[in-house]
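Have a look at the structure below before the remarks.
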Amino acid sequence: MADNSQGPNGLSVKAMFAALALGSVLAGLVVYALRDRLGIPDDTAQMIATVFIVVATADIALLIFWDKLFQRRE
């Protein structure tokens, strides 16, 4: 059975990674939506947005597997 008492450090780290994932998605959206104003070609803007989405996906994967990766030893 999993122990959900992670303390403030576990929850704050998870909140930080969740915020980073959301920020990455928003940054990718902003870069792609404002590509003309920023003077970025379409293919470059798509590549930049894709990289931000990949970073967000990695952050979400880390959140999902956080408890399995860093289990407390009893």
Please give the contour-minus-distance gain from Ala58 to Thr44: 0.36 nm per residue of separation, less the Cα-Cα distance, rounded to one decimal in nm. 2.9 nm
So if I place +1 on the C-beta of Lys and Arg and -1 on the C-beta of Asp and Glu, and nothing else carries charge, what would the dipole magnitude of region 18-74 be about its Cα centre? I want it in debye, nearest 20. 200
Rg and Dmax of region 10-68, Cα atoms only, in Å: 13.6, 44
Quick calc: nm separation of the 7 Å Cα→Cβ label points for Arg37 and Val51 -> 2.2
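Laboratory data are not the source of any read-out in this text; all were calculated from the coordinates shown. Because the structure is a prediction, the values reported are computed rather than measured. Cβ coordinates were reconstructed from backbone atoms using ideal geometry, including for glycine residues, and neighbour counts include every protein chain displayed.
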